[in-house]
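Let me begin by presenting the structure, written as structure tokens, before commenting on it.
Just so it is clear, none of the values below were taken in a lab; they were calculated from the coordinates. These numbers were taken from a predicted model, which means no experiment stands behind them. Quick reminder, even Gly has a Cβ in these numbers, built from the backbone with ideal geometry, and neighbours come from all protein chains shown.
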Amino acid sequence: MIPKASCIILMKFNLFLLIIFSISNINAESIGEYSAKYSYISDEISIKGIRKLEIIDNQYLMNFKAKNLLASMEISSSFKINNKILKTNSYKIKVRPSFVNRDQRIKFDYDNKTISSSGREEWQKEITINDEIFDPLNAQIKIRINLISGLENFSINLLEIESGEIERNFYAVSGREILIFNELEYECIVLKRIRESDARETLYYIAPSLNYMFLKIIDTGEDRNQSLELLEILSLG
């Protein structure tokens, strides 16, 4: 027979494990609303804008709105998250002035098992309904979910918006680095993306203490270079 005192200790220990497990599950599946100002720089353009994530009736809407003196751009992604599974509904790009001809809309039709694109790029592809496919915006939400879950090596299926092809991208934590944001030091996870199809290198600097927000993304390759850097947190849910 187990002594009464030992039973109490065992019950408390089991309760502690249950609490920790529950908190881990909540954090792993819950990405809160936020709004932040970022700077985007590429070989073609330098622009500042607001990246915002909203949750309305269990529907996630993520967008990036930016402008400078010559142009404006809006990129948005609509999706759902259920048990860590992310399901993309649509992805849109809108650029002004209109003669730049960059507008594009991508729709996921799970009833007919297709993805279709209209606008600058027109194509239609068949999909397997159980595939978890990500667009360039919500892929970053999946990255955060995976890191919160404790994964250090993983892959995701990323949609190539120009062609409609789906390419598996591999990610691995390569270390940690201190970055300064708003005059404060933040220890960041350094995540490296590996693509088998080209020689591009993408590094993500992610701050766990800021709910795994991206402080900086640096993408380099032979055809283009681009970066995204956090300038200001407007709200953090």
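Nearest 20 debye, what's the magnitude of the dipole of region 31-236 about its Cα centre given +1 on Lys and Arg Cβ and -1 on Asp and Glu Cβ?
Details: 28 positive and 32 negative charges, 111 e Å.
So the magnitude is around 540 debye.
Panel order for Tyr40, Tyr204, by other beta carbons found within 10 Å of each beta carbon, from fewest to most: Tyr40, Tyr204. Panel order for Arg120, Arg51, by other beta carbons found within 10 Å of each beta carbon, from fewest to most: Arg120, Arg51.
Find out how many positive minus negative residues lie around Asp131, taking Lys and Arg as positive, Asp and Glu as negative, among other residues whose Cβ is under 12 Å from that of Asp131. Overall, the nearby charge balance is +2. Across region 31-236, the relative contact order, built from alpha-carbon pairs under 8 Å that are at least six residues apart, equals 17 percent.
When the charge dipole of region 59-190 is built from unit charges on Cβ atoms (+1 for Lys and Arg, -1 for Asp and Glu) and taken about the Cα centre, the candidate among Asn83, Val95, Ile189 whose Cα reaches farthest toward its positive end is Val95. Each residue in Leu231, Leu70, Leu147 was given a count of other beta-carbon atoms within 10 angstrom of its own, and listing them fewest first yields Leu70, Leu231, Leu147. With a ≥ b ≥ c the root eigenvalues of the C-alpha gyration tensor of region 31-236, is it rounded (a/c under 1.5), prolate (a/b larger than b/c) or oblate? Rounded is the answer for region 31-236, as its axis ratio a/c remains below 1.5.
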